Amino acid sequence: MQPFKLERYFAQHEFSAEVLMSSSDCESLSLETLLNLCDPETEHLWKNLSLGYTESQGLPLLRAEISTLYTRVHPDQVITLAPEEGIYIAMRTLLRPGDHVICLAPAYQSLYQVAADSGCQVSLCWLRQTTSGWQLDPQQIKDLIRPNTRMLVVNFPHNPSGFLPSRALFEKIIDLAAQHNLILFSDEMYRLLEYKTEDRLPAACDAYPNAVSLGGLSKSMSLPGLRAGWLAARNREWIQSFQRYKDYTTICSSAPSEVLAVIALRAREEIVQTNLGIIRANTALAQAFFAHNATWLEWIPPLAGPIALPHYTGPGSVDEFCLSVLQQQNVMIVPGSMFEMEGNYFRVGLGRKNLPEALRRLQTYLDAAA
Ligand SMILES: Cc1ncc(COP(=O)(O)O)c(C=O)c1O
């Protein structure tokens, strides 16, 4: 398989750079904080947990909790797995060599790379920077559809741009998928982090019978170390085929993570509100910072989620800029080239408490460079 550029970049710098400015997840929870959110049932489960193998489809109590996130999905239409594993398994089971796949771009690489490396033809449908921020033209998707197109891959709220379509645009996308009998793979890892609740889209698996939704606790719920995620689909045969494939990846999920995931999902309102508070404060700070440094930087407001994709307008390329900020200020910034993007864009994480420190160091860098 092709190297996963972004993950290799993180592997190189994540644990050596002093400050990360481009993280996509929200401030991580400690085990102690999470356990303080237990109710009597989950406290009993945690204290009496046996560290044996677990049910391959996922702990029934966890699947029941996950199904409350949806309106038309029952616990038996859910399988738990690590989020990245979910992408891999869904692509490997639902696609055949020669199928054509359309994926919104820029994208988290595995959303198209697994298909490409499985012998599928892949077309990327690029979001564009407009005067009203990052936008998606549904006509572009339509123009890419071929007779052998089998799957459309979307990700809302979007990593790395923070794009979220309106309800009307989302419905257009579903209509297109339905008209052409496409499977809709919908990566919803950043769901629940909409800035206004009324902007939240229905989960794809509720809105369209031929959809599979990917969810997980890594981003909106601050728990990437649990490796807890799931696939939800109304098609029970798909869920069974995902389970058969999982026998060759992890067999079953981690017992402690499953119980911790139940605790987190039951406390999701509190966890998500804390994260939205951090995102709001960081967004206001970033906006002011970018306005102050307008000769070098252009802010492109995100519409949802913990990530923004602004524009670098200073001298040289954005890759040179990121490298030099890392060398001089020990701040790690992810350039758009990690997403195969043209143009000088870079990713900013808005969900971490260290953004003020990252911006202070970046200001020192910019003041020295000016
Ligand atoms: C859009 C998207 N999907 C899936 C994943 C994978 O999540 P995890 O790292 O928890 O496996 C990520 C992680 O960055 C992501 O951004």
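Estimated from the Cβ-Cβ distance and a Förster radius of 35 angstrom, the FRET efficiency linking A255 and L124 is about 0.35.
If both residues of a DSSP beta bridge must be in the chain, then about 50% of such bridges are antiparallel.
Just checking the listed ones, L350, L35, L309: in the Gaussian network model of the chain with Cα springs under 10 Å, the one fluctuating most is L35. Applying the criteria of a DSSP loop state and at most 16 other Cβ atoms within 10 Å to the chymotrypsin sites (Phe, Trp or Tyr not before Pro) of region 37-114 yields Y53. Among the chymotrypsin sites (Phe, Trp or Tyr not before Pro) within region 238-325, those in coil by DSSP and having at most 10 neighbouring Cβ atoms inside 10 Å are Y248.
A dipole drawn for the chain from +1 and -1 charges on Cβ atoms has a positive end, and of A178, A232, C252 the residue lying farthest that way is A178.
Out of the trypsin sites (Lys or Arg not before Pro) in region 187-260, which ones are loop residues according to DSSP with at most 14 other C-beta atoms within 10 Å?
Counting only loop positions with at most 14 other Cβ atoms within 10 Å, the trypsin sites (Lys or Arg not before Pro) in region 187-260 are K196.
Surface exposure of the chain, expressed per residue as accessible area with a 1.4 Å probe, stands at 42 Å². Among H100, H180, the order of accessible area from largest down is H180, H100, computed with a 1.4 Å probe on protein heavy atoms. Note on the chain: GNM, Cα springs under 10 Å; of I102, I251, I79, the largest mean-square fluctuation is that of I251. Largest GNM mean-square fluctuation among P97, P335, P106, using the chain with Cα springs under 10 Å: P97.
Solvent-accessible area of the chain (1.4 angstrom probe, protein heavy atoms only): carbon and sulfur portion equals 51 percent. Inter-part distance, region 109-132 to region 276-354, computed on C-alpha centroids, equals 22 Å. Think of region 40-267 as having a plus end and a minus end, set by charges on the Cβ of Lys, Arg, Asp and Glu; of L62, A82, S241, S241 sits farthest toward the positive end of this dipole.
The values are calculated or read from the model by the stated rules, or taken from the named source; none is laboratory data. From a predicted model like this one, the values you see are computed outputs, not experimental measurements. Quick reminder, even Gly has a Cβ in these numbers, built from the backbone with ideal geometry, and neighbours come from all protein chains shown. We work out accessible area using only protein heavy atoms, side chains counted, and drop any ligands, DNA or RNA first. Shrake-Rupley method; radii C 1.70, N 1.55, O 1.52, S 1.80 Å.
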